[in-house]
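**Student:** Sending over a structure as structure tokens; questions will come in a sec.
The values are calculated or read from the model by the stated rules, or taken from the named source; none is laboratory data. Bear in mind the structure is a predicted one, so any value in this text is a computation, not a measurement. Here the Cβ is made from the backbone with ideal geometry for all residues, glycine too, and neighbour counts use every protein chain on show.
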Amino acid sequence: MSESGPPRCFQCFRPQEQCYCDLIPRIQNETEIVLVQHVSERDHPFNTARMVRASLDRTKLVCGNSERLVNSDLGLGGSAGLLYPSKGAKTLASVPKNERPTQLVVIDGTWPQAKALVRDLPQLRDLPHYQLLPTEPGNYRIRLEPNEVSLSTLEAVVEALRELEPELTDLEKLVNVFETMVQRQLDHPRVLSSHYSGGKKSGRNLNIPASLIKPDKSIVVAYGEMDCRDETEGVGKSKAQRGPLVWSAHRLGESVDSGLKNFESFLQPRLELKDTLLAHLGLSRQHFLSGESVSEFCDRWGKFLQDADTLVVYHPNGIRMLKHVNAKLSKWITLKSINFNGQEKRRTFSEFVKDECTNFEVKLPHSGRAGKRLAKAVNLVNYLRDVGLKNLDSENS
């Protein structure tokens with residue numbers, strides 16, 4: 001008897017050609033993640049709880065519906081909490097270290113399913129409730145989401161652990177596996193429905209943030225290169241989050257004061273820079289001879305970035321670099337979160353800018369690879385603002 005479909009991986013349940021299991025990192029988390037999964041999610045082909053379970057050392061899963069779970073022992077201790085944005089839920093980032101939950105319950109299901117489980121299960125309803133405040137859309141473009149800042153189960157778990165255990169490494173690798181799964185599905189030749197790629201059906205074809213579109217908003221676009229790893233961390237240890245080595249920024253607008261138009265900093269490296277790294281950065285040793293200290297960088301950056309600015313970076317790593325050195329942050333968004341790529345042709349960031357943004361090119365005084373990537377990011381932001389304004393005009397006409 002012939003098989004009814006392509007061979008599948010028995011761990012991730014994806015077709016073997018789209019299996020992502022070898023990419024999943026092992027993460028030694030301390031906060032136990034308890035996944036309460038609605039039974040209808042168990043066999044969903046794009047369920048991300050499988051990735052969470054395969055990656056985290058401390059995690060468990062309970063599956064069922066309200067009727068089955070209402071009297072079940074979920075194995076929760078006295079310091080468990082529920083990640084759920086109910087009225088009065090505390091923002092996870094605001095909870096003092098000594099009050100943080102040692103178990104965090106995350107519901108795996110659609111929003112209607114999650115609401116039903118919280119409503120029907122006193123084990124969940126009576127827990128302290130915590131919430132995240134995502135500032136950008138999730139990247140779950142192959143499933144419908146109720147609003148622009150909804151996150152998949154995996155994205156929610158990662159964001160929660162970033163708040164509870166900021167020292168954890170390899171969370172970004174887990175996000176990369178998730179995004180690989182999403183992109184492989186989008187790139188599959190059988191994917192024709194706009195449901196999967198941010199088309200009209202999903203409402204995600206233009207998820208351009210309002211702060212980019214409104215002409216009265218002050219926009220600062222930035223790009224950074226990370227400092228090299230400190231070799232004293234030892235061989236075999238995971239790579240820790242790092243601060244910036246190069247930081248370049250440009251403020252949009254024709255009438256901006258020259259002193260607030262462009263920002264560039266070369267910071268003192270922790271280790272001697274190798275020729276191969278300098279070549280990669282497109283810089284020379286001369287750029288770092290008078291490198292700024294972290295405190296000097298933070299002071300100058302704090303004067304450049306205004307409270308009313310919206311900071312735009314390409315990838316969340318740009319924000320993490322600033323957080324790592326306690327540099328000033330304003331409202332921020334990432335270009336990676338915006339579905340600017342057309343369904344009909346899958347293109348990289350650079351390919352899209354080259355193909356679509358030639359009318360918005362700017363010449364910037366910044367150096368090296370960071371300067372080139374900053375210019376591309378500025379071109380894309382100008383393009384998105386133009387597209388967004390045109391769509392607003394057409395809707396209002």
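**Student:** Sort through Arg385, Arg373, Arg320 and tell me the only one that's at pLDDT 80 or above and touching a helix residue (DSSP H, G or I) at 6+ places or on another chain (Cβ under 6 Å).
**Tutor:** On inspection, the qualifying residue turns out to be Arg385.
**Student:** Would you check if there is a residue in the range 25-41 being modelled with pLDDT under 90, under 21 Å from the mean Cα position of the chain (by Cα) and assigned by TED's automatic domain parsing to the domain that holds Leu127?
**Tutor:** yes
**Student:** Within the range 289-390, considering only helices (runs of 4 or more DSSP H) that don't extend past its boundaries, which have at least 2 residues that are in contact with a strand residue (DSSP E or B) (Cβ under 6 Å, 6 or more places away or on another chain)?
**Tutor:** 294-304, 316-324
**Student:** I've got another one for you. Sort out which residues of the range 89-105 are among the polar types (S, T, N, Q) and surrounded by fewer than 14 Cβ atoms within 10 Å (Cβ to Cβ), and write them in order of number.
**Tutor:** Matches in the range 89-105: Thr91, Ser94, Asn98.
**Student:** Then there is this: What single numbered condition from (1) within 28 Å of Glu179 (Cα to Cα); (2) surrounded by 15 or more Cβ atoms within 10 Å (Cβ to Cβ); (3) out of contact with any Ser or Thr (no Cβ under 6 Å at 6 or more places or on another chain) fails to hold for Asp108?
**Tutor:** (3)
**Student:** List the pairs whose first member sits in the range 358-369 and is aromatic (Phe, Trp, Tyr), whose second member is at pLDDT 95 or above, and whose Cβ atoms are under 6 Å apart, counting only residues at least 6 apart or on separate chains?
**Tutor:** So the pair list comes out empty.
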